[in-house]
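The block underneath contains the structure these notes are about, expressed in C-alpha cells.
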Amino acid sequence: MASLYIHIPFCLAKCEYCSFSSFTGMEHLFSRYVKAVKKEIVDLSFSEKTGILDTIFFGGGTPSLLPVDHIGEILSCCREFPGIGDGAEISLEANPKTLDFMKLLQLRQAGINRISIGVQSFIDSELNLLGRLHSAQDSWDCIRDATGAGFANISLDLMYGVPGQTPERWRWNVETALSLNLPHVSLYQLTIEEDTPFAVRYGRGNLSLPEEDEVLLMDEISFDLCKEAGLEQYEISNFAMPGFECRHNINYWNNLEYLAVGAGSVGFQQGCRSRNISQPLRYCQAVESGETTTEESEKLTPEESFRESVVMGLRMVKGVSYRALFERYGIHLPKYYGEILTPLLEGGYVEYTDTHFRLTDKGRPLANQILSELV
Ligand code: SF4
C-alpha cells in the first residue's frame with residue numbers, strides 16, 4: 001500500500017505568514033497543470049515505485065480552488081493507474097472562501113472522504129491580520145455545508161501565537177471549534193518564516209507576538225479543552241476522536257515512504273527525498289517535454305534517516321518504537337544518543353515506556369528545543 005501527496009500550488013491571495021510554495025493569479029494554468037499532474041501519476045505507476053494507494057492527500061496551496069471536475073479527473077487517473085484501495089483515506093485541504101454546498105457535495109461524489117478546513121481563527125480581526133480572505137462567518141457556513149454534504153471526517157485548522165492574541169481569545173477560539181463536535185482539529189503555532197511579510201514586519205519591530213509564557217498557556221488550554229471534549233492529542237499539533245487520526249500524516253511522521261506529484265511537492269522513496277520544480281509553468285513544461293521534474297534530491301545515509309525518524313516520530317504522542325528503529329537501522333537509540341539524553345530524562349522531558357521513547361507532557365510544549373538537540 002502506498003501514500004500519495006498531490007500539491008496544488010494555487011491560492012486566492014498570499015497570506016501574510018505563508019512560506020509555502022503557492023502562487024496567485026494562475027487560473028489560466030489550471031487545466032494544463034492538472035494534465036501534467038495526471039501524467040506524473042501515470043509515469044509513477046509505470047516506474048513500479050508504487051502500489052495500490054491507501055492514502056491520497058491534496059495539499060497546497062489551496063486545492064479547493066480547483067474546479068471539482070479537475071479533482072475528479074485526478075482521482076479517476078489514480079483509480080486507473082496505481083489503483084485506490086478499499087477504505088483509502090482521501091483528504092483535501094480547503095479554504096472556506098472557495099467552497100459552497102454544491103461544490104462540497106460534488107467533492108464527496110468525486111471520492112474525497114476527508115476535508116481539512118483552514119479556519120485559522122473565528123475572530124475576524126485575527127483573520128484580517130493574518131491576511132486571510134475569508135471571514136469567521138465563511139468558516140461557519142463551510143463547516144455546516146460540509147456536514148450537510150455528508151462529510152463525516154472533517155478537520156479544522158486553527159492558529160495560535162498570532163500577534164495581539166491573548167490566552168483568553170485563544171480559549172474562545174478553541175471552545176468555538178470544539179462546540180462544532182468535529183472529529184479532528186489541528187492547532188498550529190504561528191512561526192515567523194523568512195521572506196514573508198510577517199518576517200519583514202517582525203524585523204522592523206512592527207509585529208508584537210504573545211510572550212513565551214502566554215504561548216505555553218495557550219498550549220495548556222488546547223490540551224485541556226480537547227481532552228475534555230474527547231479529542232486525544234496524537235501529535236504535537238493534532239487532536240482526534242479515536243479512529244479519526246490522519247493516516248496520511250501518520251505515515252509521514254513514521255518517516256515511511258510516500259509519493260508526491262505536482263509543482264514543489266516533496267516525495268520520499270528508497271531513502272531519497274526529492275523535490276519537484278516549484279514554478280508551476282516550468283513544472284508543466286518539464287512534464288510535457290518528458291524532462292525530469294526533480295529540482296533537488298538528497299539521498300540520506302542510514303544514520304541521517306535514523307535521526308530523522310527519531311525527530312519526526314517524537315512529534316507523535318506515542319513516540320518512536322525503539323525496537324522498530326533497531327530493526328530498520330540496526331541502531332540502538334539509547335546507546336546512540338548516550339549522554340545527550342541524560343538531562344532530558346532526569347528533567348522529565350522525555351521517557352521510555354515498555355516499547356517506545358517519547359516526549360512527556362512536560363516536554364511536549366518544548367518540543368522544538370528538545371528535537372533540535374536530537375536532529
Ligand atoms: S491559503 Fe495556505 S498556502 Fe495559500 S497563502 Fe494562505 S497559508 Fe499559504
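Annotation note: Cβ proximity below 7 Å between a residue of region 182-211 that is in contact (Cβ under 8 Å) with a residue 24 or more places away in the chain and a residue that is acidic (Asp, Glu) (sequence gap 6+ or interchain) occurs for Ser186/Asp157; Tyr188/Asp157; Thr196/Glu16; Pro197/Glu16; Phe198/Glu16. Tell me, yes or no, whether region 4-23 has at least one residue that is more than 16 Å from the ligand (Cβ to nearest atom), surrounded by 19 or more Cβ atoms within 10 Å (Cβ to Cβ) and closer than 17 Å to Tyr252 by Cβ. Yes - at least one qualifying residue is present in region 4-23.
Could you give every pair whose Cβ atoms fall below 6 Å, whose first residue belongs to region 12-32 and is more than 30 Å from Gln189 (Cβ to Cβ), and whose second residue is open to solvent by less than 60 Å² (accessible area, probe 1.4 Å) and near the ligand (Cβ under 9 Å from one of its atoms), counting only separations of at least 6 or pairs across chains? Listed by first residue and then by second, the contacts come to nothing, as the list is empty. Residues considered: Lys103, Lys35. Of these, the only one that is away from the ligand (no atom under 16 Å from the Cβ), open to solvent by 60 Å² or more (accessible area, probe 1.4 Å), modelled with pLDDT of 95 or more and of a type outside the set (Gly, Ala, Ser) is Lys35.
Looking only at residues in region 297-311 that are open to solvent by less than 50 Å² (accessible area, probe 1.4 Å) and out of contact with any Leu (no Cβ under 9 Å at 6 or more places or on another chain), the one that is farthest from Gln233 (Cα to Cα) is Leu300.
Put simply, of Gly25, Gly59 the only residue that is in the same structural domain as Lys97 (by TED's automatic domain parsing) and out of contact with any Phe, Trp or Tyr (no Cβ under 7 Å at 6 or more places or on another chain) is Gly25. A count restricted to region 124-139 and to residues that are open to solvent by less than 30 Å² (accessible area, probe 1.4 Å) and aliphatic (A, V, I, L, M) stands at 3.
Just one of the numbered conditions (1) in contact with a Ser or Thr (Cβ under 6 Å, 6 or more places away or on another chain); (2) touching a residue at least 12 places away in the same chain (Cβ under 8 Å) is not true of Gly131: (1).
Hand me the list of strands (runs of 3 or more DSSP E) wholly inside region 280-375 holding 1 or more residues that are among the β-branched types (Val, Ile, Thr).
294-299, 350-352
Looking at Leu178, Leu158 in this structure, which one is at pLDDT 95 or above and buried (at least 20 other Cβ atoms within 10 Å of the Cβ)?
The conditions single out Leu158.
Suppose the filter is in a helix (DSSP H, G or I), away from the ligand (no atom under 14 Å from the Cβ) and in the same structural domain as Arg247 (by TED's automatic domain parsing); does Asp54 pass it?
Here the answer is no, as Asp54 does not meet what is asked.
Can you find a residue in region 313-334 that is open to solvent by less than 10 Å² (accessible area, probe 1.4 Å), touching a Pro at 6+ places or on another chain (Cβ under 6 Å) and not assigned by TED's automatic domain parsing to the domain that holds Glu235? No: zero hits.
The values are calculated or read from the model by the stated rules, or taken from the named source; none is laboratory data. Predicted model only: the values in this text are computed from it and were never measured. Cβ atoms come from the backbone with ideal geometry, glycine included; neighbour counts cover every protein chain shown. Surface accessibility is based on the protein's heavy atoms, side chains included, excluding ligands, DNA and RNA. Shrake-Rupley method; radii C 1.70, N 1.55, O 1.52, S 1.80 Å.
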